[in-house]
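Some notes on the structure that comes next.
The values are calculated or read from the model by the stated rules, or taken from the named source; none is laboratory data. Note that the coordinates shown come from a computational prediction; the quantities given were computed from them, not determined experimentally. Positions of Cβ are backbone-derived with ideal geometry, glycine not excepted, and every protein chain shown enters the neighbour counts.
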Amino acid sequence: MTTERERGAAPHPWSIKIAVDQIPDTGVHQELVADHAQRAALAKLGGLRDIAEARATFDLRPAGRGRIQVLGRMTARVGQVCVVTLEPIENAIDEPVDLLFAPEDQVAAIIKAMEQEAEATGEDADPPEAIADGTIDLGRLAADVLFLGIDPYPRKPGVAFEPVVTAEDPESHPFAALKALKDAAAPQGGAKDAPKGRGAKRSKTDPGTGD
């Protein structure tokens, strides 16, 4: 398998790899803390205003057949912008980690077995991650968990979305067009143009008066 450098891609900003064959049977504990440059690069990669702190703890335990179970937690403080007030805010991220890493040639079979178990029990489990080049990149894992924990619609505490209410335009009423047609069809002029109704007063020159 080619590396990121061989493919011409930039290396991941937080890459901390551990060789699987160096993990003892009793397991190993790892603690990761991102430095300033790594946090700045991660913030840019994740579209964040900044990352004030990013750390992770992992316990790696052999699970047989070259597989490794990774348990741990990812915590961070990320700077974002409130989608309502557009003010800068800071959010905390605290995400648990429980993943199985397996050799690449075992991943498909494990996923199929998990799907069958999910159909029987109704409980879904995260699919396994592939072990690449005999190593597990804990830094990249921590970054992925961090990005998944980001609130896509951050809001300042106590702030809620309020729909904009606009006054209804009388001319937009469904009967407004009908009213306009009725007004256009009405006879123009004043009362003198109106036909005389029954009982209307006759003038002196009206032949019906006999004068």
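Go through the stretch 65-151 and tell me which strands (runs of 3 or more DSSP E), entirely inside it, have 1 or more residues that are more than 26 Å from residue 15 (Cβ to Cβ).
In the stretch 65-151, the matching strands (runs of 3 or more DSSP E) lie at 67-81, 88-103.
I'd like the residue in the stretch 21-56 that is under 26 Å from the mean Cα position of the chain (by Cα) and part of a strand (DSSP E or B) and, out of all such residues, is nearest to residue 81 (Cα to Cα).
Across the stretch 21-56, the extreme among qualifying residues is 50.
Quickly run through the stretch 2-33 and pick out the residues that are on the phi > 0 side of the Ramachandran plot and modelled with pLDDT under 60.
Matches in the stretch 2-33: 8 only.
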